[in-house]
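**Q** A single structure is presented below for examination.
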Amino acid sequence: MTVMLADVASTSVATTTGGMKIVSVVNQKGGMGKTTITMQLAAALSRWHRVLVVDVDPQQSTVWWAENAERHLPFDFAGSQRPSVLSRLSHLDHEYDFVLVDTPGSLEDTRTLEVVVDASDFVIVPLAPEPLAVEPTMRTIQRFIEPRGVRFAVLLNRIDPRIHGQLETWKELLDVTLGVPRLDACLRQYKAQADAPVLGSLVTTVRDNRNTQGAIWDVTRLGLEVTEQLSPQLQGAW
Ligand SMILES: Nc1ncnc2c1ncn2[C@@H]1O[C@H](COP(=O)(O)OP(=O)(O)O)[C@@H](O)[C@H]1O
Ligand SMILES: [Mg+2]
C-alpha cells in the first residue's frame, strides 16, 4: 500500500510507546546497495513485523521498484519524501514496528543525511568490496554518523562467493584495521539481487529456487540480526 505520510501525520493522535524503530541505510558513496538493502530488508522484516519504507532520495529508485512490484509489495511504502517527515513519524508508532529509510548517495546534500541520521535508531552502512569505496564510506561514518551518537554498523554487500578469501579479508579490514562495528550478516552478489528492481521482486515474493535461494537466505539472516539488535530486551547490551 502506498501511504501519504503528510495525511497520516496530521490526522493521527500523537501517542508514543517507543516501539517503532527507524532504520536508515546510509552511505555517501553511491552503488553500495542502499536501495537494494532497504527494499529487501523491508521485505524480510515484513514476515514478522509491520514495516513502512520511506524514500528521501531524489533519484527515487525505490519508487520504480515499488511500481514494478505492483500489488505484491509486502510492506507499506512512502516514496518521494522530504527528510523532515522523519521527525514527525512518532505519530505512526502504533502502526509500524520498523520504518526503513533509503537515502541519497551524495557528497553535496549533507543536510538530508544529518536529518535522517538524527531521526534513526539504527544506521546500516552498506559497503561493497571495492578499495575505492573505503575512504568515502569511512568519511560518511566519521563525519555524519559517529558524531551524532546513533548506533550503526557496516554491512558487507556484493561479496563474490567465487573469490577465495574475499569475505575474510574485508571482515578483517573492518574489524581490525578500521575498527568499525559490522553486522555478522553479509549479502553475496547474486543475479537475483541485480534483477530484482526491474522485476519488482523481493526475497519474500520471488520463487525459491536454485537461482534465488542464496539471496533469500542472506536477507533473511540480515532481518533476524537487525531484529535482534533492536529488540527492547537486548538494548542494554550495547
Ligand atoms: N547483493 C547484490 N548482488 C547483486 N547486485 C547487487 C547487490 N546489491 C546491489 N546490487 C546492484 O548494484 C547496483 C547498486 O545497488 P543499489 O542498491 O542501487 O545501490 P545504492 O542505492 O547505494 O546506489 C544496482 O544495480 C543493484 O542492483
Ligand atoms: Mg539508491
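The values are calculated or read from the model by the stated rules, or taken from the named source; none is laboratory data. These numbers were taken from a predicted model, which means no experiment stands behind them. Glycine gets a Cβ as well: all are built from the backbone with ideal geometry, and neighbour counts include every protein chain shown. The protein model used for the area step is the full one, side chains on, heavy atoms only, and it has no ligands, DNA or RNA in it. Shrake-Rupley method; radii C 1.70, N 1.55, O 1.52, S 1.80 Å.
**Q** Below 8 Å, C-alpha to C-alpha, sequence gap of six or more: please give me the relative contact order for the chain in percent.
**A** Result for the chain is 25 percent.
**Q** 5 Å is the cut-off here: which amide hydrogens, built 1.01 Å from N in the peptide plane, fall below it relative to Lys21, excluding neighbours closer than 5 in sequence?
**A** Sorted by chain and number, the residues that satisfy this are Phe98, Val99.
**Q** Just the accessible area per residue of the chain, please: how many Å² with a 1.4 Å probe? Spell out each step's value before the answer.
**A** Numbers: 11460 Å² over 238 residues.
Ligands and nucleic acids excluded, the figure is 48 Å² per residue.
**Q** Taking the Cβ of Pro74 as the center, what net charge do the other residues with Cβ under 11 Å away carry, scoring Lys and Arg +1 and Asp and Glu -1? If you can, show how the numbers build up before the last one.
**A** On the way: positive: Arg47, Arg50, Arg71; negative: Asp76.
So the environment of Pro74 carries a net charge of +2.
**Q** Then there is this: Give, rounded to the nearest 20 debye, the magnitude of the charge dipole that the chain has about its Cα centre when Lys and Arg contribute +1 at Cβ and Asp and Glu contribute -1 at Cβ.
**A** Working: 22 positive and 28 negative charges, 56 e Å.
With only Lys, Arg, Asp and Glu charged at Cβ, the dipole is about 260 debye.
**Q** Normalised by the empirical 2.2 N^0.38 Å for globular proteins, what value does the Cα Rg of the stretch 5-227 take? Write down the numbers at each step before the final one.
**A** On the way: Rg = 16.7 Å, N = 223, 2.2 N^0.38 = 17.2 Å.
For the stretch 5-227, the normalised Cα radius of gyration comes out at 0.97.
**Q** With a cap of 12 neighbouring Cβ atoms within 10 Å, and only residues DSSP puts in a loop, list the GluC sites (Glu not before Pro) found in the stretch 39-114. Show your work: numbers first, answer last.
**A** Working: sites: Glu67, Glu70, Glu95, Glu108, Glu114; in loops: Glu95, Glu108.
Those satisfying the criteria are Glu108.
**Q** How many nm separate the modelled label positions at Thr2 and His94, each set 7 Å beyond the Cα in the direction of the Cβ?
**A** A separation of 2.8 nm, rounded to one decimal place.
**Q** In the chain, with Lys and Arg counted as +1 and Asp and Glu as -1 at Cβ, which of these residues, Gln189, Pro161, Thr110, has the Cα nearest the positive end of the dipole, that is, farthest along it?
**A** About the Cα centre, the residue reaching furthest to the positive side is Pro161.
**Q** For Ser87 and Leu199, what is the calculated FRET efficiency with R₀ set at 25 Å and r taken between the beta-carbons, to the nearest 0.05? Let's see the in-between values first.
**A** Numbers: r = 34 Å, r/R0 = 1.37.
Using R0 = 25 Å, I get an efficiency of 0.15.
**Q** I've got another one for you. Once all Cα-Cα distances of the stretch 66-169 are split into 10 Å bins that start at 0, what whole-number percent is in each one?
**A** It works out to 11, 37, 33, 17, 2, in whole percents.
**Q** On a 1.4 Å probe surface of the protein chains, which of Met20, Met1 comes out largest in accessible area, and what is the full order?
**A** Values: Met20 20, Met1 135 Å².
Accessible-area ranking of Met20, Met1, largest first: Met1, Met20.
**Q** How much of Lys171 can a 1.4 Å solvent probe reach, expressed as accessible area in Å² and rounded to 10?
**A** 60 Å²
**Q** If you add up the charges near Lys34, with Lys and Arg at +1 and Asp and Glu at -1, over every other residue whose beta carbon is less than 11 angstrom from its beta carbon, what do you get?
**A** Values: positive: Lys29; negative: Asp55, Asp57, Asp102.
Once all neighbours under 11 Å are counted, the net charge is -2.
**Q** Here's a follow-up. Quick one: accessible surface of His72, probe radius 1.4 Å, all protein chains present, in square angstrom to the nearest 10.
**A** Taking all protein chains as shown, His72 has close to 100 Å².
**Q** Residues with beta-carbon under 11 Å from that of Trp170, excluding Trp170: net charge, scoring Lys, Arg +1 and Asp, Glu -1?
**A** Values: positive: Arg158, Lys171, Arg182; negative: Glu130, Asp160, Glu168, Glu172, Asp175.
So the surrounding residues net to -2.
**Q** A further question on this structure: So, by mean Cβ neighbours within 10 angstrom, what's the order for 200-207, 127-134 with the highest one leading? Numbers along the way, then the final one.
**A** Details: 200-207: 19.8, 127-134: 15.8.
Order by mean packing, descending: 200-207, 127-134.
**Q** Counting only residues 5 or more places away or on other chains, whose amide H sits under 5 Å from the amide H of Val3 once H atoms are built in the peptide plane?
**A** Phe77, Ala78, Gly79
**Q** Using amide H atoms built 1.01 Å from N in the peptide plane, name the residues 5+ places from Val154, or on other chains, whose amide H lies under 5 Å from its own.
**A** Amide H neighbours of Val154, under 5 Å, 5+ apart: Val125, Arg182, Leu183.
**Q** Can you work out ³J(HN,Hα) from phi for every residue in the stretch 186-196, in order, using Karplus 6.51 cos²θ - 1.76 cosθ + 1.60 and θ = phi - 60°, giving whole Hz and x for Gly and Pro?
**A** My calculation for the stretch 186-196 gives 9, 10, 7, 7, 9, 4, 4, 6, 5, 7, 4 Hz in order.
**Q** Another one. Enter the Cα centre distance for the pair the stretch 117-156 and the stretch 62-89, rounded to the nearest angstrom.
**A** Between the Cα centre of the stretch 117-156 and that of the stretch 62-89, the gap is 22 Å.
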